[in-house]
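Peer 1: Below: one structure in structure tokens.
The values are calculated or read from the model by the stated rules, or taken from the named source; none is laboratory data. On a predicted model such as this, the values are computed, not experimentally measured, just so you know. Heads up, the Cβs are rebuilt from the backbone with ideal geometry, glycines too, and the neighbour counts pull from every protein chain shown.
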């Protein structure tokens, strides 16, 4: 059967595409809409309008337009490839893979379809298949920076770090202006311990569109390591509370260089960070619209770069934050009451082989966080840990997810979440515990900053600050890291936790278990 023949694009559509290529998007859109009014089934107009919607991240309309275009031309690998892009934008990932597969069935050498397929597979946590797809795209189009970048991302998730860095560097050679690629080079450098180089490159995050407001907020220059004696340096947040807790350790170092330091923090952090306040350090609630007067400013995450931090020079003395004695005493009473009310089954008397330990738990972070599906653990996965005798577990989790309440009650876990109104309250609670077990959240950083034993549970591909291949953290001497041995394998982490907690109880020294 002979292939169907389709007419070429109409002159009006060709003119619209030329406007689109010239960057005159609004005019192109109007011209394409006019073309569709004349012919609602115009493949070319549908396809180009779909691309405009993709560029604007209006993926719902893009899917509608591109799916209609595919109906008109089911033999178009280009339309199928771009439909996959729109479907991925709506997190319809399996459908996106299917669209790429359909495109490749028509044209096995369609480089963009291999590339889109690789990106989608990576979102589906199938990095080996993603790497193979991107490798094919690169083989077909070796000078495509986007495909090299995608291959680097997949190789990074496979922990093939040298190969990933090689891909990133090749991509940068082809597209030196790409701040997102430079940013990923920095993240990978940090992850593998090249901190000085990594923190220098990490500044490229501020070139990303989402930081445009931050870039334009300050009339004073950003601090980058120059002398600060006699000058006022404003430190300000840009991301999460954990970042502030981790890097506020540099504030006393700036003060020691002769600066007057203003630590601007969010309201829930202020009562905690107040423990740093002194003659040269002021703590204030961050007002994005009216920063206090200053000579220099610095985001907390840029402080390591200003201090030229390396693995050997991380300021790791702990504790550097503290809870107030009054709050600690009040929280001691609250925890005792909560533990008693929980009615843990084995709590009638301490086992003969050692005293009871009080263990704080945090198993989930903010569900709105982009990587939450990797860092948070279903509480049911930790059921074997909760069933161990000889410990009183205390939930430091503020927000529970479906099913958590029943499991906590079943295992007699005391719940403190409603009492933790701010980070100072959480700090007071931690000071009354023997050990904190937490996923990668602000609570893990807080326990480390307080110098308390903390066991941090990490996904197979962790955040850069936890480095790779080690069970300790140069940032927090009292931390012990429990890493997934494979993508998604929290069961092995739970087994390792059970073994470690048993050893810690037997030794009656949970702090030593972090060494």
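Peer 1: Specify which of the listed residues (287, 295) is modelled with pLDDT under 95 and farther than 30 Å from residue 497 by Cα.
Peer 2: Numbers: 295 fails: modelled with pLDDT under 95.
Going through 287, 295 in turn, just one is modelled with pLDDT under 95 and farther than 30 Å from residue 497 by Cα: 287.
Peer 1: Taking the condition closer than 15 Å to residue 128 by Cα, part of a helix (DSSP H, G or I) and over 18 Å from the mean Cα position of the chain (by Cα), does residue 151 pass? Outline the logic, then answer.
Peer 2: Details: closer than 15 Å to residue 128 by Cα: yes; part of a helix (DSSP H, G or I): yes; over 18 Å from the mean Cα position of the chain (by Cα): yes.
Spelling it out, residue 151 is indeed closer than 15 Å to residue 128 by Cα, part of a helix (DSSP H, G or I) and over 18 Å from the mean Cα position of the chain (by Cα).
Peer 1: I'd like the full set of residues that are in a helix (DSSP H, G or I), touching a residue at least 24 places away in the same chain (Cβ under 8 Å) and over 24 Å from the mean Cα position of the chain (by Cα), limited to the range 276-326.
Peer 2: Let us first name the residues in the range 276-326 that are in a helix (DSSP H, G or I), namely 276, 300-306, 325-326.
Within this subset, residues satisfying the condition of being touching a residue at least 24 places away in the same chain (Cβ under 8 Å) are 276, 300-306.
The answer is 276, and nothing else.
Peer 1: Okay, moving on. Any idea how many residues of the range 253-269 are touching a residue at least 60 places away in the same chain (Cβ under 8 Å) and either assigned by TED's automatic domain parsing to the domain that holds residue 422 or in contact with a strand residue (DSSP E or B) (Cβ under 7 Å, 6 or more places away or on another chain) (or both)?
Peer 2: The number of residues fulfilling the criteria is 1.
Peer 1: Please go through the range 202-221 and give me each residue that is touching a helix residue (DSSP H, G or I) at 6+ places or on another chain (Cβ under 7 Å) and at pLDDT 90 or above, ordered by number. Working first, answer last.
Peer 2: First, pick out the residues of the range 202-221 that are touching a helix residue (DSSP H, G or I) at 6+ places or on another chain (Cβ under 7 Å): 202-208, 211, 214-215.
Result: 202, single match.
Peer 1: Which residues, taken from the range 400-423, are part of a loop (DSSP other than H, G, I, E, B) and closer than 15 Å to residue 343 by Cβ? Quick ask: steps written out before the conclusion?
Peer 2: Let us first name the residues in the range 400-423 that are part of a loop (DSSP other than H, G, I, E, B), namely 400-403, 411-413, 416, 420-422.
Passing the criteria: 411, 412, 413.
Peer 1: Inside the range 55-68, can you point out the residues that are surrounded by 21 or more Cβ atoms within 10 Å (Cβ to Cβ) and under 18 Å from residue 28 (Cα atoms)?
Peer 2: Result: 62, 65, 66.
Peer 1: Considering only the range 466-488, how many residues are more than 18 Å from the chain's Cα centre (by Cα) and on the phi > 0 side of the Ramachandran plot?
Peer 2: 1
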